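Here, each number is a calculation from the coordinates, and none is a lab measurement. Model, not experiment: these values are computed from the prediction. Positions of Cβ are generated from backbone atoms using ideal geometry, with glycine treated the same way; all protein chains shown enter the neighbour counts.
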């Protein structure tokens, strides 16, 4: 990696010349300027990694120069050098974002080592930025998979509520993508650069859940050997996602209601009141209204959570999205696992379309991953699909799967029986569905 250094000092000094010569011997490329305006120009046009600057620059305060550099290039690290700066100067400069501060004269070898450490920090910063861009891209509304009317309604709703600060209740069957919706709301909101903290409320018993979300003080219960920061504190200024909200106990519901109303709470075993600024998203696959009727879920909590309601449709109600989802998962596993699958053939796709998908998108994802792992060709064929798809008759009322070994007469008999079952024995209606006359149907039934 080519390391590019920008030095900023107003006149030549022997100490600076020694430093520059040493850095060049270390194969670092050094740009030299004497004014801040020249520094800004170089910074915008060259891939600068580190700035070495005199602390006392003419016509500008050092902290103003530091802030301007960080505005132009937040990833660039600054190291200040000075002959007569005070300890207070050094502390304040580093508090405001400088990487380090040294008094001249300084050993060039030491400075080269510090620069290498600063480069490591810069690379971590850039990796973090790239990861954040990738995550935001994953949950960009334009990249959400779904062209069906039910999913377009959900996407439009996400677009409307994301910029707001309102609580959102997300409902839907298991595997429909409720967490994906929650993340899409967060990463398209003003809080996108702040934490997104998930709590699976169904994974903990009552006592453990309260410790998990509120935190606890040292010694508050057996085994509490240290203080624990809870999920609400971790989510401060960001978003907390309470998954499986319908599984929490009534006593925990009361404490959760207070956080929603007052934006404050105490850790388990503690007296200090902690205030937080959070947005709450909750999800469940339960019927909360039924739980309220059974006195298992508080109405006041329900109304606090259900400011905005998003119901994620099951996959069987948006079958037109299935080919898009299949293509998405093929691309995903090609990238993640190094497969070279190009697509899926018509027979395999028809089997997927015929299936009811009780496990929804998650079940489809698992099926595609399994098929790609078993495939010996670059196209997914029916024989590579999981056995439950090949052995199970389609449950959708509008489809019927006919075994390949059936003769034409046997296939006709099966279709007639299937249609009569669908019409509950109404032959006139069955004849209309089959596109034949009633007498023709009766004759064929007698042959069955």
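Structure values in brief
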read-out	value
For peptides 290-300, 206-216, 154-164, sequence by mean Cβ density within 10 Å, most packed first	206-216, 154-164, 290-300
Extension gain, residue 87 back to residue 37 (0.36 nm per residue minus Cα-Cα distance, nm)	15.2 nm
Cα-based equivalent ellipsoid of the range 241-326: semi-axis lengths in Å, sorted from largest, via gyration tensor	31, 17, 11
Stokes-Einstein translational diffusion, the range 408-447 - Kirkwood Rh over all Cα pairs, 1.306 mPa s, 10 °C, in µm²/s	162 µm²/s
Simple label model, 7 Å out from Cα along Cβ direction - residue 300 to residue 27, nm	6.9 nm
Likely footprinting exposure, 96, 378, fewest C-beta neighbours within 10 Å first	378, 96
Ratio of the Cα radius of gyration of the range 316-391 to 2.2 N^0.38 Å, where N counts its residues	0.99
Interatomic Cα distance distribution for the range 66-190, bins of 5 angstrom, percent	2, 9, 14, 14, 11, 8, 7, 8, 8, 7, 6, 4, 2, 1
Helix 322-337 vs. the chain, principal-axis angle (Cα, 0 to 90°, nearest 10)	40 degrees
Degrees between helix 178-187 axis and first principal axis of the chain (Cα, 0 to 90, nearest 10)	30 degrees
Per residue, the convex hull volume that the Cα atoms of the range 146-313 enclose (Å³)	110 Å³
Sorted by Cβ neighbour density within 10 Å, fewest at the top, the residues 254, 344	254, 344
Separation of alpha-carbon centers, the range 56-84 and the range 313-363, rounded to whole Å	53 Å
Kirkwood hydrodynamic radius of the range 4-134, from inverse mean 1/r over distinct Cα pairs, in Å	15.0 Å
Shape category assigned to the range 1-67 from the gyration tensor of Cα positions, a/c cut at 1.5	oblate
Cα Rg, Dmax, the range 133-228, angstrom units	17.2, 54
Top of 118, 184, 283 by mean-square fluctuation, Gaussian network on the chain, Cα under 10 Å	118
Cα-based helix-to-principal-axis angle, 360-374 vs the chain, degrees rounded to 10	80 degrees
For the range 75-122, fraction of C-alpha pairs farther apart than 18 Å, in %	29 percent
Estimated FRET transfer efficiency when R0 is 56 angstrom, pair residue 436-residue 264 (beta carbons, to 0.05)	0.20
Taking the chain and dividing mean pair separation by its residue count, relative contact order in percent (alpha carbons under 8 Å, at least six apart)	11 percent
Unit Cα scatterers, Debye sum, the range 251-391: log10 I(q)/I(0) for q = 0.17, 0.18, 0.19 Å⁻¹	-0.88, -0.94, -1.01
Cα centroid separation - the range 258-300 against the range 408-447, whole Å	57 Å
For the chain, built as a Gaussian network whose Cα springs stay under 10 Å, the top-fluctuating residue of 376, 284, 35	35
Enclosed volume per residue, in Å³, of the convex hull spanned by Cα atoms of the chain	237 Å³
Footprinting exposure proxy for 407, 252 (fewest neighbouring C-beta atoms within 10 Å first)	407, 252
Potential lengthening between residue 249 and residue 346 on full extension [0.36 nm per residue; Cα-Cα distance subtracted]	30.1 nm
